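Step one of this worksheet: look at the structure below.
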Amino acid sequence: MADSLADADQQVTGFDADTAQRLGDMAALVSSGVPPQAAALRVRVRDEGVEAERMEATLGDVDALARAAVGFDVDELNRVLEENFALGTLDEVVDGWLLPALHRLGVAWADGRVSVAEEHFVSASVQRRLARAYDETPRPSEGPQVLIGLASGSRHELGVLAFATALRQRGVDTVYLGGDVPVAAWVEAVQQRHPDGVVIAVPGREDVVGSRELVAALAEVAPDLSVMVGGSQQDLITDHVTRLGHQMVAAADRLAGALLAKL
Ligand code: B12
């Protein structure tokens, strides 16, 4: 019965039930004042968010970041970060709580519970907390060196910053370049430092084109350089790279093990 209703619906509107639902949700957002492009993005991201909800948290309260975002609750956010970062080693906290909690924050933004400014407020604070952990990790004075950062236009830094910290904790000398690094600047950095590897992340679809350009440019100037990718959209970068997978701790273990074994 449900199928035949859906079929009938499709005959009338020309869309299947899912598409009709999405268009309806978009229309509702637009009529509540959200610009059409932003409405389309929100609906797409919300649907991807359903997948993200399945991401498993093994520590802490995975909705705590999204809750602290609402109303810019500075004290609550500080408390949530201090409390959760104290639940285990940095590895355990990043994999078991922080990354799933960031996904939940994204879902809360996509479905309108958290505003753009509230999301920025939380992610800026998370970045400061991760940067503190990175700076507090002693830098090895010798051994393999890895350059870590993002391609031009990419600003989702939290994954690569956490990974840079994890690698440094394993005795790899990491040089962290940050987000939105132009191709020419990457090329210059590689030619100057001659690193043992480069790690970038591709957290969103928007990052794919810039990341591909960067990878191609590096392959041209340094064909023997090992370029590695993480982040949820890493599978879309296929040429001249090694994909590190989605488990950050396991990836850091593998890469550090391989680099240090060459010593
Ligand atoms: C924080 C955040 C921001 C912050 C970033 C601040 C900062 N300093 O990093 C700000 C506010 C700047 C921002 C901006 C935008 N954002 Co934003 N953002 C997020 C959020 C909430 C967390 C991002 C994050 O750190 N992810 C890190 C982890 C959690 O991500 P992951 O890529 O899934 O990676 C997994 C693994 O691959 C692994 N991993 C991650 N990194 C690495 C690295 C390595 C080396 C390895 C081995 C593994 C690994 O860990 C994860 C868990 O398994 C996400 C929500 C989400 N679902 O991730 C949205 C999200 C990424 N943003 C999104 C969007 C659309 C945007 C904007 C375009 C919004 C806009 N209209 O302006 C801009 C784009 C900015 C740009 N030019 O890059 C979408 C992307 C949609 C898509 N599929 O492309 C998301 C998914 C929104 C959502 N669903 O909630 N964002």
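No lab work stands behind these numbers, since they all come straight from the coordinates. Treat the numbers as computed from the prediction; the structure is a model and nothing was measured. All Cβ positions, even for glycine, are placed from backbone atoms using ideal geometry, and neighbour counts span all protein chains on display.
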Given backbone amide H placed at 1.01 Å from N, residues whose amide H is under 5 Å from that of THR242, ignoring those fewer than 5 places away on the same chain, are VAL227, MET228, VAL229
About its Cα centre, segment 139-261 carries a charge dipole, from +1 on Lys and Arg Cβ atoms and -1 on Asp and Glu Cβ atoms, whose size in debye to the nearest 20 is 320
Determine the distance separating the Cα centre of segment 205-257 from the Cα centre of segment 61-100; give it in Å without decimals. 28
Rounded to whole Hz, the Karplus (6.51, -1.76, 1.60) HN-Hα couplings of segment 201-207, x for glycine and proline: 10, 10, x, x, 5, 4, 8
So how tilted is helix 36-52 from the main axis of the chain? Cα-based, degrees 0 to 90, rounded to 10. 70
Where does each of 209-221, 101-113 land if you order them by average Cβ count within 10 Å, highest first? 101-113, 209-221
Can you list residues whose amide H is under 5 Å from THR174's amide H, if they're 5+ apart or on another chain and H is modeled 1.01 Å from N? VAL146
Between the residues GLN191, ILE237, THR19, the Cα farthest towards the positive end of the dipole of the chain, that dipole coming from +1 and -1 charges on the beta-carbon of Lys, Arg, Asp and Glu, is from GLN191
P(r) of segment 139-261 over all Cα-Cα pairs, binned every 5 Å from zero, in whole percent: 2, 13, 25, 27, 21, 11, 2, 0
Computed over the Cα atoms, what is the radius of gyration of the chain divided by 2.2 N^0.38 Å, N being its residue count? 1.14
For GLY153, list long-range residues whose amide hydrogen, built 1.01 Å from N in the peptide plane, is under 5 Å from its own amide hydrogen. ASP180, VAL181
With Cα springs under 10 Å, the Gaussian network model of the chain assigns the largest mean-square fluctuation among ASP253, ASP25, ASP63 to ASP25
So, in nm, how far is label GLU206 from label ALA261 when the simple model puts each one 7 Å beyond its Cα toward the Cβ? 3.9
Considering the chain as a Gaussian network with a 10 Å cut-off on Cα pairs, which listed residue, VAL30, VAL172, VAL198, attains the greatest mean-square fluctuation? VAL30
Ordered by residue, what ³J(HN,Hα) values in Hz, to whole numbers, does segment 83-92 give under the Karplus form 6.51 cos²θ - 1.76 cosθ + 1.60, where θ = phi - 60° and Gly and Pro are x? 5, 6, 5, 8, 6, x, 5, 4, 3, 5
Most fluctuating residue given options GLY71, GLY24, GLY153, as computed from a GNM of the chain linking Cα atoms under 10 Å: GLY24
Once the piece of chain linking ARG22 and HIS120 is laid out straight, how much longer is it, given 0.36 nm per residue of separation minus the C-alpha distance between them? 32.6 nm
Could you check the spin-label model distance between ASP224 and GLU188? Points 7 Å from the Cα along Cα→Cβ, value in nm. 2.5
